[in-house]
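A.B. asks: Below you'll find the structure I mean.
The values are calculated or read from the model by the stated rules, or taken from the named source; none is laboratory data. This is a predicted model, so every value here is computed, not measured. Positions of Cβ are backbone-derived with ideal geometry, glycine not excepted, and every protein chain shown enters the neighbour counts.
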Amino acid sequence: MSARLVSWKSVLASLFVVVLVAPLFAQSNQVLGEIELIGASGVEKGSGVWIDGQYLGYLKELHGSKKILLLPGSHELAVRQDGYHEFSQKLTVRPGDKQTIMVKMEKDTQFKLPAVFSDIKMSVNPDRAAVFVDGLFVGHAGEFGGAGRGLQVAPGHRKITISLPGYQSFTTEVDLVANQKFQIKTDLIKEPGTTESSQ
C-alpha cells in the first residue's frame with residue numbers, strides 16, 4: 001500500500017515538473033528570432049555563413065535542427081565563397097520574429113585561377129566543416145572529397161585550416177609543387193560539453 005502511494009507521489013511530482021518546464025521552453029523560443037537564408041543558386045547554397053564573426057556552416061544546411069536562432073538585437077551576417085565578393089548585411093533581430101534574407105553572390109572579376117594547380121583531396125569527419133586556405137574560406141570539406149573531386153590550389157607553401165563550431169580546428173602547412181596530389185584525412189575532435197546538433 002505504501003509502495004503504491006510513493007509511486008503515485010513520484011508520478012505526480014514528475015507531471016508537476018513537466019507542467020512547469022514546458023512553458024519555460026515555449027517562452028525561450030519566443031525570445032529568440034529566426035533568420036532564414038535563401039540562396040539563388042548552387043553557389044550561394046554552398047557558401048559559408050558567419051554571424052558576428054562566428055562560422056555557422058554552409059547556407060544549404062542551416063535549417064531544421066541547424067536553423068539560425070539569434071538573441072534580439074543587432075547582428076552582422078556575412079556569406080563567403082572563394083572567387084566571389086562577400087555578401088554582408090546588418091541584421092536587427094526581434095523576439096519571436098522570423099526574417100527571410102535572399103543571398104546573391106557576385107563574382108569577383110579580380111579573381112584569377114592559377115595557370116597550374118596542386119590538387120588536395122579531403123576526407124574529413126564531419127564533412128560540413130569549413131576549409132580555409134591561407135586564411136581564406138574556400139568551401140566545406142564535403143566538396144573536396146569523393147571521386148573526381150578535390151581542392152585545386154596554386155603550388156607553393158599553403159596553410160590549410162579545417163574548422164567547425166563545437167570542434168577543435170585542424171591546421172596543417174604543406175609545400176606543394178605543380179600537379180602534385182595531396183590528401184588530408186582527419187576526424188575533428190569535439191570540444192568538451194558540445195553536441196553537433198546544437199550548432
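A.B. asks: Is it true that Gly139 is surrounded by fewer than 17 Cβ atoms within 10 Å (Cβ to Cβ), among the small types (Gly, Ala, Ser), within 18 Å of Ser47 (Cβ to Cβ) and touching a residue at least 24 places away in the same chain (Cβ under 8 Å)?
C.D. replies: Details: surrounded by fewer than 17 Cβ atoms within 10 Å (Cβ to Cβ): no; among the small types (Gly, Ala, Ser): yes; within 18 Å of Ser47 (Cβ to Cβ): yes; touching a residue at least 24 places away in the same chain (Cβ under 8 Å): yes.
Taking the combined requirement at face value, the residue does not satisfy it.
A.B. asks: Now a separate question. Quick one: which residue in Ala154, Ala147 is in contact with a Pro (Cβ under 6 Å, 6 or more places away or on another chain), of a type in the set (Gly, Ala, Ser) and farther than 27 Å from Gly33 by Cα?
C.D. replies: On the way: Ala147 fails: in contact with a Pro (Cβ under 6 Å, 6 or more places away or on another chain).
The unique qualifying residue is Ala154.
A.B. asks: Also, quick follow-up: Please pick out the residue among Gly57, Gly48, Gly64 that is surrounded by fewer than 10 Cβ atoms within 10 Å (Cβ to Cβ), at pLDDT 50 or above and more than 14 Å from Ile101 (Cα to Cα).
C.D. replies: On the way: Gly57 fails: surrounded by fewer than 10 Cβ atoms within 10 Å (Cβ to Cβ); Gly48 fails: surrounded by fewer than 10 Cβ atoms within 10 Å (Cβ to Cβ).
Checking each option against the conditions leaves just Gly64.
A.B. asks: For segment 95-199, which strands (runs of 3 or more DSSP E) that fit wholly inside it have 1 or more residues that are more than 18 Å from the chain's Cα centre (by Cα) and at positive phi?
C.D. replies: Working: elements: 98-103, 118-125, 130-133, 136-140, 151-153, 156-163, 170-176, 181-187.
Per the criteria, 156-163.
A.B. asks: Here is a list of conditions, (1) in contact with an Asp or Glu (Cβ under 8 Å, 6 or more places away or on another chain); (2) within 19 Å of Phe182 (Cα to Cα), and Ala130 meets all of them except one; can you say which number that is?
C.D. replies: Just one mismatch for Ala130, condition (1).
A.B. asks: Go through segment 158-177 and give me each residue that's out of contact with any Leu (no Cβ under 8 Å at 6 or more places or on another chain) and either more than 16 Å from Ser123 (Cα to Cα) or exposed (fewer than 13 other Cβ atoms within 10 Å of the Cβ) (or both).
C.D. replies: Within segment 158-177, Lys159, Gly166, Thr171, Thr172, Glu173, Val174, Asp175, Leu176, Val177 qualify.
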